[in-house]
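Undergrad: Quick one: the structure is below, and I'll ask about it shortly.
The values are calculated or read from the model by the stated rules, or taken from the named source; none is laboratory data. Because the structure is a prediction, the values reported are computed rather than measured. Cβ atoms come from the backbone with ideal geometry, glycine included; neighbour counts cover every protein chain shown.
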Amino acid sequence: MDVAGKVVVVTGGANGIGRALCERFHAAGARKVVVVDLEEDNARTVAQTLDGDAYGVDVREEAAIAAMVAQVEADHGQIDLFCSNAGIIALDGEPWWATSAPNETWQAMWDIHVMSHVYAARACLPAMLARSDGYFLNTASAAGLLNPIGDAAYSTTKHAAVGFAEALAITHGDDGIGVSVLCPQAVATRMIGDTGDGGTAGVDGVLTPEDVAEEVITALAERRFLVLPHKEVQAYRERKAEDYDRWLSGMRKLRRATGNPAI
């Protein structure tokens with residue numbers, strides 16, 4: 001997909017990867033970039049630099065996503081690319097069991113990392129299917145392909161995000177709908193404190209949001225499903241698939257070696 005001349009919506013667009021995507025799409029000639037974020041003032045600040053539109057939306061609320069999609073379609077005719085990018089992070093916490101995170105954390109992760117993708121697709125698909133054209137870029141994480149240490153709720157919901165993206169691609173690929181799923185490791189955003197080392201997720205380096213956005217542009221042009229800004233992730237996936245038990249043993253060894261139960 002070439003974003004030149006296209007209408008693009010990015011949730012979580014006010015900061016980090018989302019902001020870098022907005023800026024890169026604008027530089028690539030997008031007709032309109034729509035910046036969507038819970039932090040509406042920050043979304044407006046970003047949009048103003050791009051001659052874009054801004055919306056303050058809580059992606060956990062389906063009605064809010066549907067209303068935003070309807071307004072963008074009314075204003076600009078259609079949405080060509082919807083980037084469902086909003087995300088949060090939380091660790092398991094004491095006593096560092098896989099079940100340690102409270103129910104509120106699990107629910108928030110589920111709502112933001114999975115259901116927001118469902119809500120976006122549900123809102124956008126009718127118009128996209130009617131014209132047999134449209135594209136979804138869903139941000140997951142390498143955590144959705146592997147499994148970082150100490151963040152069970154995050155990793156589990158990112159696995160689900162990858163699964164939903166697969167379902168979209170399988171169900172609607174023959175309908176002219178493109179799907180890509182973005183799965184980076186550590187990126188220098190607020191999630192890791194901007195200058196953090198990313199813990200075990202940063203073992204292959206911490207990329208800038210701009211690095212990630214550049215890889216997205218390439219992947220969209222190739223209509224590639226899996227977007228891996230950290231190339232090492234592919235080898236890790238292959239090792240995991242080759243011998244699951246060995247991979248699990250290796251992850252337990254890594255957990256012991258770090259001396260830290262969390263990423």
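Undergrad: Go through (1) surrounded by 16 or more Cβ atoms within 10 Å (Cβ to Cβ); (2) farther than 19 Å from PRO209 by Cα and name the single condition VAL36 misses.
TA: Failing condition for VAL36: (2).
Undergrad: Suppose we keep only residues that are of a type outside the set (Asp, Glu) and closer than 22 Å to MET191 by Cβ within segment 18-32. Which one would you say is surrounded by the fewest Cβ atoms within 10 Å (Cβ to Cβ)? Spell out the reasoning first.
TA: Step one: list which residues in segment 18-32 are of a type outside the set (Asp, Glu), which gives 18-22, 24-32.
Now drop any that are not closer than 22 Å to MET191 by Cβ, which leaves 18-22, 24-25.
Working: GLY18: 26, ARG19: 26, ALA20: 22, LEU21: 29, CYS22: 31, ARG24: 19, PHE25: 30.
So, considering only residues that are of a type outside the set (Asp, Glu) and closer than 22 Å to MET191 by Cβ, the one surrounded by the fewest Cβ atoms within 10 Å (Cβ to Cβ) is ARG24.
Undergrad: Which residues, counting only those in segment 1-14, are out of contact with any Phe, Trp or Tyr (no Cβ under 6 Å at 6 or more places or on another chain) and either surrounded by 18 or more Cβ atoms within 10 Å (Cβ to Cβ) or free of Cβ contacts under 8 Å to residues at least 12 places away in the same chain (or both)?
TA: LYS6, VAL7, VAL10, THR11, GLY12, GLY13, ALA14 - these are the residues of segment 1-14 that are out of contact with any Phe, Trp or Tyr (no Cβ under 6 Å at 6 or more places or on another chain) and either surrounded by 18 or more Cβ atoms within 10 Å (Cβ to Cβ) or free of Cβ contacts under 8 Å to residues at least 12 places away in the same chain (or both).
Undergrad: Scanning for something touching an Asp or Glu at 6+ places or on another chain (Cβ under 7 Å) and of a type outside the set (A, V, I, L, M), does segment 117-128 turn up at least one residue?
TA: Scanning segment 117-128 turns up at least one residue that is touching an Asp or Glu at 6+ places or on another chain (Cβ under 7 Å) and of a type outside the set (A, V, I, L, M).
Undergrad: On to the next question. Is it true that some residue in segment 229-249 is buried (at least 17 other Cβ atoms within 10 Å of the Cβ), under 19 Å from the mean Cα position of the chain (by Cα) and either outside any helix (DSSP H, G or I) or without any contact (Cβ under 8 Å) to a residue 60 or more places away in the chain (or both)?
TA: Yes, the conditions are met somewhere in segment 229-249.
Undergrad: Looking at segment 181-196, is at least one residue modelled with pLDDT of 90 or more, among the charged types (D, E, K, R) and not in a loop (DSSP other than H, G, I, E, B)?
TA: Checking segment 181-196: not a single residue is modelled with pLDDT of 90 or more, among the charged types (D, E, K, R) and not in a loop (DSSP other than H, G, I, E, B).
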